[in-house]
Structure formats: C-alpha cells, structure tokens
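Written below as structure tokens is the structure these notes are about.
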Amino acid sequence: MRTDRVRARLSAYLEGDVSSREATRIEAALDASSELREELRELQATVRLLRGLPRPEAPPALTEQVVARVRAGEADPVRWRDWLHRLFEPTFAVPLAASVAALLVFLGIPTGGVPGGEPAPGTPIASVAPSAPVVTVAHDTSGQATPRVRNPNRAALRMLRRQRLQMMLRGAGHPHSASLASQMEGDIVLANFSEGRRRR
Amino acid sequence: MSVEMVEASPAVAASRRARAAAVAAIEDPDAELVARWQDGDQAAFEALVRRHERRVFGLLMRMLGNRDDALDVAQEAFLNLHRHGHRFRREARFSTFVYRVAANAALNRRRSLGRRRAREEALARGQEAGFDRPQTPRDPEAAAVGAEAQEQVQSALLKLPDDLRMALVLYDLEGQSYGDIAQTLQIPEGTVKSRIHRARNALREHLRSFVVAEDGGEVL
C-alpha cells in the first residue's frame, strides 16, 4: 500500500472505519515506516486535543431572549396576506404598475373600460382630427436639400396614449398616475426614437 | 419565567399520544415536548430551547469563533426553528433537526460575512482578547487541556473550510454519529466520513508544531 494512501486513511483507521484487509495493510505500512507511526501519533494527539475542548456555556439569558422574541411575533410564519400587503407598498407597487402598464401598451391590449376609469365602454376618450402631413425641406452642411415629413397627428396620438396610461395607473390605485404616465410616455417616445435610429 | 399551559382537548390529547407513540419508535427524548409544542404549548417550546441551547451555542461558537456572533445566530436559529417547527415530521430525532437548523444558520452567517473576512476577523479577535474560555468541560479529560492548547485548537479549527469544520465539530465535539451528521447536513454518510478524515488531517498539519513542541518532541 502506498505511503500517501496510508496517510490519507490513518484517521479512518483510528475510528475503525477500514476493512480488516485494509487494516492489515495499514499496520504493515506502519511497521515499515517510522514517519507514518509519527504521523499516527500526531493524529491521535490532535483528536485528543480536539475532544478535550470543553463545550462553551450558553449565555444565561439566551432562552429568555428567544422566548421574548417569539412572543413579540418575530417567529411568526410569513403569510400570504403579508405578501399581498407588500404588493401595495409604494416601493413595490409603483414599478409593478408601471411595468404592467408598459407591457399592456407594448402588446397593444385595449385598455378602455379599466375599473375606475371614467369613460363608459365604447366612448371615445379623445379624438384625433385627420390632417395631412406637412413636408418641409432642410439643408445640411453641404447645402444639399433633404425633405422632412412632420405628422401633426403625432402630438394628438401622444396625448391619447398618455390618457390611457393614466387610466390604467388610476385603475391600479396609484396616486401619481398623471405624472407617472407622462414620464412613461416620455420613455416610450425615447425608446421609439432609439429604435428608429438603430433601424436607420 | 411564567408560562402558560395550554389545555388539550380529548381529540388533541389522542393525537398527541399517537404521535408520541410513533416517535417512541426512534427513541427521541424530546418526543413528548415536541408533541406538546406542535399542539401549541409555548411552555414546551421554551423547555426545548432550554434543553438544546448549550449544544446549539457550542456548535455556533466553534463555527463562528466568537460569542457575539454565536449568540446572535443562536437566537436566529431558534426563531427559525419556531417558524418552521411544523415541518418537523419526527422521522429523525429532534436534536438532529435542531442541529440542522443551527448548522444552516451558521453556514449562512459565514457566507454572508465572506469566508476570508470572517476567518481573518475571528483570528484577529482571538489574538487580541483570547478565545472565550469555556466554563465547564465536556468531560473530565478536558481539564487536562490547558488554555493555550484550547486557543491553538480553536485557531486551527477556524482555518479549516466551513464544510470540513462543520463535520469535524459535529463528530468530535458534539459526539454525533455519522448517520446523524448525514441527516443534519443532508449529505451521504460516505461524504461525512471523508470530510471528517480530511478535516483531521488538515488540523493535524495546523497543529503539528504545537503538538510536538508541547512535549519536547514527544507527542502529547
């Protein structure tokens, strides 16, 4: 049996965790090597020292402190009602409502008639007057003329989108629905702009 | 401390007896208290904490290296025990369940502190103020282990990786069997043995100079 293998099995040998066949081999190796015998003695001394360590006394008030904390409700199981309550805390509710609203807008799901929304189903909440696009010509640094198309309906569409966002946020019970909708609408415009730039 | 005893209805008492009978099969000395606690008797929980506080605190002291952390984590462990006590199905001894909760709490604390930082802090504290001296020895032979030796062993223990140290402390200091440790740490018994033997070899390496020097070359 190789020395390093015997060395790794000395602790198991001390505990009697080796087969009789392996024990015979280890004993043969120990007979042949003073170095291994020394290591075995060191290991025995280490285990003796370790087992001689006394168990520390617990502080006298540990049980009382635990019981007091249990009585204060610190060990109560977390109930689903607590989680539900957390859903309506501002730190969680605002981003959640905004995410849901943004997702609905992104998916194009109609949101008219949201609970708490004022208009009855089918009632238009804003009208967009049709008008023709306005074409202007811009000149770049080299003097070359570039046509630009401006759609006057875009502002009206933006207002419509903001109103729908406000309705959804009011439906989710958020007190700052108007300002949040405005901010989100700005983010959507910026995202569309960035996407347009990427496509170009 | 005043405690409230809960009157048990006949049905509850019957279920308690049935559970106690089932637990008796695995010879758990905590069975009766556990049954009462799971039926809502807070006095039984208090008695269980009192019965196991020293074991839990001892394990945490050896794992964390200082009293403040051990006390803090011991309280958290018992609160967790109370919180999740209904999950204890009495398929093992309650003490094993308690060790599992305490071991998880200790390992979580070690992870949250960061292994390296925790080790350095514990060593620094130990060198500055000396490790907390135990008040009563675990067995009569312990009296033979002097304060310096205790300090050396605790210091060497803190140098071991957490998984090896946990197995070693549970086996050599807490006196748990391989099977109990396997249940506590939820690892195979073979892995438990391997960790214990590796930990002992590592500890021997750390303590070699001390062990030899203590007795002028003659090993203790």
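Every number here is computed from the coordinates shown, using simple stated rules; none is lab data. Bear in mind the structure is a predicted one, so any value in this text is a computation, not a measurement. Glycine also receives a Cβ, built like all others from the backbone with ideal geometry; neighbour counts cover every protein chain displayed.
With the highest mean first, a sort of the peptides A:63-75, B:43-55 on other beta-carbon atoms found within 10 angstrom per residue produces B:43-55, A:63-75. In this calculation the C-beta distance from A:Ala8 to B:Asn104 is compared with R0 = 30 Å, giving a FRET efficiency of 0.55. Averaged over the residues of A:37-48, the number of partner chain Cβ atoms lying within 10 Å of the residue Cβ comes to 6.
For the peptide A:59-71, the mean number of other protein chain Cβ atoms found within 10 angstrom of a residue's Cβ is 6. Distance between the modelled labels on B:Ser112 and A:Ala68, one decimal in nanometres: 2.0 nm (7 Å Cα→Cβ projection).
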